[in-house]
Every structure is written in C-alpha cells, then in structure tokens.
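A short write-up of the structure that comes next.
The values are calculated or read from the model by the stated rules, or taken from the named source; none is laboratory data. Computed from a predicted model, the values in this text were never measured in an experiment. Cβ placement follows ideal geometry from the backbone for every residue including glycine, while neighbour counts extend to all protein chains displayed. The area values use the complete protein model at the heavy-atom level, side chains included, leaving out ligands, DNA and RNA. Shrake-Rupley method; radii C 1.70, N 1.55, O 1.52, S 1.80 Å.
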Amino acid sequence: MRRELFDIPEGVIYLDGNSLGAPPKHVAERMKQVVEHQWGNRLIRSWSEGWWETPQRVGDRIGRLIGAAEGQVVVGDSTSVNVFKALMGAARGSTRTEIVVDEATFPTDGYIAQSVASLTQKTIRAAHPSSLDLTGDTAVVLLNQVDYRTGALHDMRALTEQAHAAGAQVVWDLCHSAGVLPIELDALGVDYAVGCTYKFLNGGPGSPAFIYVPHHRQGSFENPLSGWNGHREPFGMKADYEPDPGIARARVGTPDILSMLALDAALDVWDDVDLAELRDRGLALTALFREHVEKLTGLEVITPEQRGNQISVRSPQAKAVMDELISRGVIGDHRPPDILRFGFAPLYVTDDDAIRAAETLAEIVN
C-alpha cells in the first residue's frame, strides 16, 4: 500500500485506475528537472546522455512486472500501433488463412485485426476465449488477459497452450492486467504481448505503450513499420532498411521523450513491490466492494470470480448513476449502454474507499 506516494485530491475516491492511473507525487518535480536541465541545459546532447536508450531501458523496467527477461520489451508508440506490429509480425509469415480475435475485445484491437487481415489476405473470426475452435487454418489469436468491460480474467497459460497445440501464435493484450497481477510471459512461452502504461502503471495520459517480442522470435520478427529507429545503424543514414538484431527492431520513429521519462519516473513506485502481495490486495479490495454492492437491488454484478482488479455492475441507468457518483466524489466510469466500471488500483485504493464507494452507490440507486 503506497497511497502516500500519489497525488489524489482530498475527498475523492478514485476507482478509475483501469482508465487513467493517479499521478505519483514525484513525477512533476522529475519532469521539471527533465525540461529545465536535460532539455533546457543539455539540449541535443541529452540524446547521447541517455535519451536514445530510454525505450529499451524503460521497457526492461516494465519487463520485470510482466515476467520478461531483459532485452525483450521496448516502450514506444501507442497500443494500437503495437497491436499492428505484433499481429503483422505473426500473420505475415504464415501460410495459414485465419486470424481469431476475442469477440469482446477492446474496439481498437478489433479494428487493427481487420486491417491486418486485409493486408495479409486472411479472414478474421471473432470467438469467445472459452470456445476458440482453433484449426489448422488459424495463424494467430489475439486475446485480452482481462476483459475491459466485465473484468473477467482469462487463463493465459491454458489459452497459450491451446493456440500452440493448434500450431498458431498468440498475441496477448495486457492493457488491463499489467500492474494488477503477476504475469509470466517468458515462462508461458507467449509469442507477443502489448500493453498501455497509463492505466495501472500510472504513466500519465497518452503515455507510450510497450511491446514484448521474446528473444527467440526477434531474429524473424519483421516490423511492418520500418522506421529509422529500428534500423541496425540508425545514424548510418543508409538507403536500405536493415533491422536491429534485438528488441530495438520493434522501434519505429523518434521516441516521445517527455512522456516516456514521465512514465520512467512513475515506475519508481513499483520498486520492491511484491506482485503476489499486490494481487492478494487487489482481490481483497474487489471482494469487499462486491460484497456490499451485491446487496443492492436493481444492480447486477457481472464480473466473475476469476477477475482482474475491476468490478463491473450492470444498471439500466448506468450513465446517470455514474454522473451522480462522480458529482459526489466517487470516480469510476461508464461503458455504454449499461455498465458501471470500478477499477481498484491496490497501490492507492483503501478498504475505506471501497466501502464508502459502495455506500454512495447505495444511496443513489435507493
């Protein structure tokens, strides 16, 4: 529990960490130093004084939180762009004809998958993770570890094994699980993974996403966006593209240094965090909130027992209810048409927050 490290307004119960994490207090001061010294004083010299290596260095910091050894995660671009890279990397080299997508996926994943299917002359099929029905035609499966609407947690081990047994590769979207629970990408043999950093990792609005490409796939991974940052010799200014032999080949253009260094600063709060203890804390918080909400009439908790750090509640007047909650200082969010979402970031959400949020919800619906 590290609430004292975060800037949360007095009187606010913040249960929207699954959309935008709260800012760690020290980030503003760190960014002041970056702007005044690294940019303002050192100017372009800062590129050779640490900026250039930042995508891989920060990637390794995230790698510790998702079970990836060094040299397999790089930070940069958006989740959508990284989904495109990963799916194209898996699909383009396959003679198989089908891409399977989680039917309840966040829309951008589905849109990108449709684009990849078109570019690679493959068909796309939506399926629930419980019934993927993979065949010898399936080239790649795109799955979310935690469902963004319901908070359901899918079994990464079982589904990865299922994909591999069918001869397919798997791309995991970790947007709603990174910073929530222990993840073991290397141990489970995951082919590719992507995720954002502005939710439970608290990187700030629009902070750069990450992509995981394991060592054994890096040599054959063809980044479809062959930008100069992924070149073996980016400052060689050669006419032909030759990819970097390592994870840097997943880079594209010039890194967004300011937001990346804000993310780097935010990751300090994760130093020495025990992810197993964090997971226990998250389950306890969501169980406490669920216990109170399930007593209310007119609401339906739709989050299963196997869950991330989110409780989703169905209400016929979901938008109006959430608007009233927010006006009373309980900040969650609403997903059309009828879902209330409450994200519990265990680094800063307390038991009292969970109880008071449930009591406020009860006052509104009753």
Subject >> Cβ-placed point charges (K, R +1; D, E -1), dipole of the chain about Cα centre in debye, nearest 20 >> reply: 720
Subject >> Selection from THR97, ALA318, VAL141, by position along the positive dipole direction of the chain (Cβ) >> reply: THR97
**OP:** Keeping every protein chain in place, order HIS216, HIS164 by accessible area at 1.4 Å, biggest value first, i.e. largest first.
**Re:** HIS216, HIS164
**OP:** Specify which residue in the list ILE44, VAL301, HIS154 is farthest towards the positive end of the charge dipole of the chain, using unit charges on the beta carbon of Lys, Arg (+1) and Asp, Glu (-1), about the Cα centre.
**Re:** ILE44
Original post:
If you plug each phi of the stretch 149-160 into the Karplus form 6.51 cos²θ - 1.76 cosθ + 1.60 with θ = phi - 60°, what whole-Hz ³J(HN,Hα) values come out, in order, with x for Gly and Pro?
Top reply: 8, 8, x, 4, 9, 8, 7, 5, 4, 5, 6, 5
Subject >> Most mobile of ASP16, ASP191, ASP323 in a GNM of the chain (Cα contacts under 10 Å) >> reply: ASP323
Original post:
Tell me, what ³J(HN,Hα) does each residue in the stretch 335-341 have, in order and in whole Hz, if you take phi through Karplus 6.51 cos²θ - 1.76 cosθ + 1.60 with θ = phi - 60° and put x for Gly and Pro?
Top reply: 10, x, x, 9, 10, 9, 10
Subject >> Three-way shape call for the stretch 216-267 based on the alpha-carbon gyration tensor, with the a/c threshold at 1.5 >> reply: oblate
Original post:
Which Rg and Dmax, in Å, describe the Cα atoms of the stretch 165-283?
Top reply: 16.4, 53
Original post:
Among ALA354, GLY329, LEU283, whose Cα sits farthest toward the positive end of the charge dipole of the chain (+1 at Cβ of Lys/Arg, -1 at Cβ of Asp/Glu, about the Cα centre)?
Top reply: GLY329
Original post:
Once the other residues with Cβ under 13 Å from the Cβ of THR54 are scored (Lys, Arg +1; Asp, Glu -1), what is the net sum?
Top reply: -2
**OP:** Express in % the proportion of alpha carbon pairs of the stretch 1-92 at distances exceeding 14 Å.
**Re:** 79
Original post:
Which translational diffusion coefficient, to the nearest whole µm²/s, is obtained for the stretch 241-366 from the Stokes-Einstein equation, given a Kirkwood hydrodynamic radius over C-alpha pairs, 25 °C and 0.890 mPa s?
Top reply: 144
**OP:** For every helix of n ≥ 4 consecutive DSSP H residues, a contribution of -39,500 (n - 2.57) applies; sum these over the chain, divide by its total residues, and give [θ] at 222 nm rounded to the nearest 500 deg cm²/dmol.
**Re:** -9500 deg cm²/dmol
**OP:** Taking just the C-alpha trace of the chain, give me its Rg and Dmax in Å.
**Re:** 21.0, 68
Original post:
Roughly how much of HIS128 is accessible, in Å² to the nearest 10, using a 1.4 Å probe?
Top reply: 70
Subject >> Of all DSSP beta bridges in the chain, antiparallel share, percent nearest 5 >> reply: 50
Subject >> Cβ charges +1 (Lys, Arg) and -1 (Asp, Glu), total dipole of the stretch 1-138, debye >> reply: 400
**OP:** Work through the residues other than LEU15 whose Cβ is under 9 Å from its Cβ and net out their charges, Lys, Arg +1 and Asp, Glu -1.
**Re:** -2
Original post:
Which value, in debye to the nearest 20, gives the size of the charge dipole of the stretch 268-321 about its Cα centre, when Lys and Arg are +1 and Asp and Glu are -1 at the Cβ?
Top reply: 540
Original post:
Within the stretch 161-251, which chymotrypsin sites (Phe, Trp or Tyr not before Pro) sit in a loop by DSSP and count at most 14 neighbouring Cβ atoms inside 10 Å?
Top reply: PHE235, TYR241
Original post:
Lysine pairs, Cα distance under 30 Å, 8 or more residues apart or cross-chain: how many in the chain?
Top reply: 8
Subject >> Linear extension gain, GLN121 paired with ALA320, 0.36 nm per residue minus alpha-carbon span >> reply: 67.2 nm
